[in-house]
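Q: Please find one structure pasted underneath; my questions will follow.
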Amino acid sequence: MAALSLPSASAVAGPSTSEGAASQNESASVDAGPAEDSSPTQSTAVPTAAEAEAEPAGDPRLTELAIMRKARRDAVAEEKALRPIVRHRPRARSWEAGVFGGVATPSRGLDLRSDELPFKRYNRVAGDVGLRLGYYFFDFLGLEAEAALLPGRVAATDASVLMYSTRLQSVLQLPFWRVAPFGSVGVGLLGVSSDATAMGDDSDFIFSYGGGVKLYVTRNIGLRLDVRTNLSQKFIDPDAADSEEFLLGLVVRLGPVPEPRPPSDRDGDGFIDERDACPEEVGVEPDGCPVLDTDEDGFDDPVDACPEEIGLPPDGCPAEDTDGDGFDDPDDLCPEEAGVEPDGCPIRDTDEDGLFDDVDACIEEPETVNGYHDGDGCPDEVPVEVSRFTGAIKGIYFETGRANIRKRSTKALAAAAEVLALYPDVRLEISGHTDGRGERGFNMRLSADRAAEVKARLIWLGVDGSRLTTRGVGPDEPVADNETKKGRAANRRIEFKLIE
C-alpha cells in the first residue's frame, strides 16, 4: 500500500536549517541591497504573523511565531475544556515569578545584632516585602529563590531597623487542582542593617519551613499565601529562635512553551485527517479510503463479480445451494433436501416416532409413549410393579382439613419407595386432589401441601428428591360425583404419574 507520509516536524515548523539560513540571507540582502543572483521579480517579503497563521500547514512562509501562537491557542482551548477545579493547575518545566508582602513576627529571643552591642529585642511585628523566582522541574516539585526586606523597630528604643533575608527553598505541591496546597523547606540568611545605636549590622544563617496554598486564577496569573517559620540564632538559649512570616503574593507563571502538534491522523494510514476522505479507516491512495470487500470473501469489490455475496474463486461468486441448507451443491450429498453436518443430508426418523435416528435406540421400531423410558425410541411396557403406583394411590390418608399424613399410610408409602428404589430412572409427578366442598383457595393450598408432604415422606424413605415433582389440583379434576359421599371420598386422593 502506497501511503502518503506525515509532514515532518521541520516541515510543520518551517523551513529546514539550510532553508532557514537561505531565508536569513535573503532577509539580509533586502536590507543591504539586491543579491547578485536574486531574480528582479522574486519577492522576499516576510509575511506578517496574521498572514502566516492564515497559511495552510506546510507553506514555506509559515513562521515559527505563528506555530507557537497556534500551539498556545490549542493549549488554552484544552484547559478551557477541563472542569474549573482542574483548569490552570500546576505545570512542569515552568517558571514562576512573584512579588509578596505581609508581616513578620521576629522571635523575642532573636539574636540579630552587632557583637559589641548588648542584646535587645525587636518589636513583635515587622513589615515583609520581597521578590521570588522559581523553576518547577515537575508539576509537583520546584526550586525557588527569594529576597525580602523587613522594616522593623527596636522594642526598647523604637529605633528603626531594616532587616533583610535571602532564601533558597524547595517547594512540594499537590498538582491536581488549580488550588494547590504546598509545603516548603529551605536555607538562607537573615540580616539587619541599622544605626550603630540600634542593632548595627549583622547576618545569621536561617533554616526555614512552612506551607501555604496557591490559587491559579488564569493560565499565567495566580495568588499565593505563605505561612513560614525561620529558625536562627537565639540569645543565650541553646535552641533556635523561631520567627514567623505571613505572606500574600502575586504569581506570574511563564512556560513551558506549548509544543506544536503534528497534524492528526486518527487511522494512522499516513493521510492526515483534513486530507483523508475516510479518517476513521486505514486506507490507500488516492483519498485515504480502504479498498472495500463488502461480502468479506477475500475478493476486493473492484475484482469481485458478486460483491454482495460471499464467493469462491475464480470470480468471487458463490456456488449454488439448491436446498438452502448452507452446503454448496458440490459438497452436498443431498442437494435437494436441507440437511446438516457432516454431508448436508437430513437426519431421518425411520420409524416416525418423533425421535430422529441419531438419538433413537430402535430405528425400525416406534417408541411406546407411556411415560416410561419415552426418550429411548424403543417400544416398551411399564413394569407391573411401577404400574401399581400410577394413578390414584390407595392407602395414603390425611387428617381432615390438614396435610398431616396418618400413621396407617406408612405401608403404602414404604412400598412406593421400594419400587422407586428398584427403578432408579423412574420419575413421578405427585398431585394432590380434594373434593368440591369448602372454599376453593383453601382446597388448592391443601392439595399442594398434601402432595408436598408425600414427596417429603418419600425423600425421607430414601428417594432422590430430583425424581419427584408436585402439583396441587384442588377440586378441579374430580373423578366422581361431588354430590355423594362416595364420590367425594374418591375425589380426595393422591395420584402418581410417570414423567420423563
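Q: By how many nm would the segment from LYS485 to ASP239 grow when fully extended, if each residue of separation counts as 0.36 nm and the alpha-carbon distance is taken off? Walk me through the intermediate numbers first.
A: Working: separation 246, 0.36 × 246 = 88.56 nm, distance 11.16 nm.
That pair, LYS485 and ASP239, stretches by 77.4 nm at full extension.
Q: So between VAL252 and GLU78, what do we pick up on full extension, going 0.36 nm a residue minus the alpha carbon distance?
A: My answer for the length gained is 60.6 nm.
Q: Further question on the same structure: With r defined as the distance between the Cβ atoms of THR322 and GLU500 and R0 fixed at 30 Å, what FRET efficiency is calculated, to the nearest 0.05?
A: Taking R0 as 30 Å, the efficiency between THR322 and GLU500 is 0.20.
Q: Sum up the charges of everything whose Cβ sits under 15 Å from the Cβ of GLU418, counting Lys and Arg as +1 and Asp and Glu as -1, but leave GLU418 out.
A: Working: positive: ARG388, LYS411, ARG457, ARG467; negative: GLU385, ASP464.
Around GLU418, the surrounding residues sum to +2.
Q: Taking θ = phi - 60°, what integer Hz values does the Karplus form 6.51 cos²θ - 1.76 cosθ + 1.60 yield along the stretch 328-338, in sequence order, with x for Gly and Pro?
A: 4, 3, x, 9, 9, 6, 10, x, 9, 10, 5
Q: In whole Å, what are the Cα extents of the stretch 384-499 along the three principal axes, biggest one first?
A: The Cα atoms of the stretch 384-499 stretch 40, 26, 24 Å along the principal axes, largest first.
Q: Can you list the HN-Hα couplings for the stretch 135-152, worked out from phi with the Karplus curve (6.51, -1.76, 1.60; θ = phi - 60°), rounded to whole Hz and with x for Gly and Pro?
A: 10, 9, 5, 10, 5, 10, 9, x, 10, 10, 10, 9, 9, 9, 10, 10, x, x
Q: Quote to one decimal, in nm, the extra length available between GLU439 and ALA277 on full extension: 0.36 nm per residue of separation minus the C-alpha distance between them. Walk me through the numbers on the way to the answer.
A: On the way: separation 162, 0.36 × 162 = 58.32 nm, distance 7.74 nm.
Net length gain for the segment: 50.6 nm.
Q: Count the net charge of all other residues whose Cβ sits under 12 Å from the Cβ of GLY487, scoring Lys and Arg as +1 and Asp and Glu as -1.
A: +3
Q: Follow-up question, since we're still on this one. Using a 7 Å offset from the Cα along the Cα-to-Cβ direction at both TRP460 and VAL179, what is the distance between the two label points in nm, to one decimal?
A: Between TRP460 and VAL179, the label points sit 7.1 nm apart.
Q: Of the cross-linked pairs LYS411/LYS497; LYS407/LYS485; LYS120/LYS234, which ones have a Cα-Cα span greater than 18 Å in the structure shown? Provide the component values of the computation, followed by the final result.
A: On the way: LYS411/LYS497 20 Å; LYS407/LYS485 24 Å; LYS120/LYS234 12 Å.
Exceeds cut-off: LYS411/LYS497; LYS407/LYS485.
Bear in mind that the values in this text are calculations on the coordinates, not laboratory data. Here the structure is a predicted model, which is why all the values come from computation and not from measurement. Neighbour counts run over all protein chains shown; Cβ positions are idealised from the backbone, glycine included.
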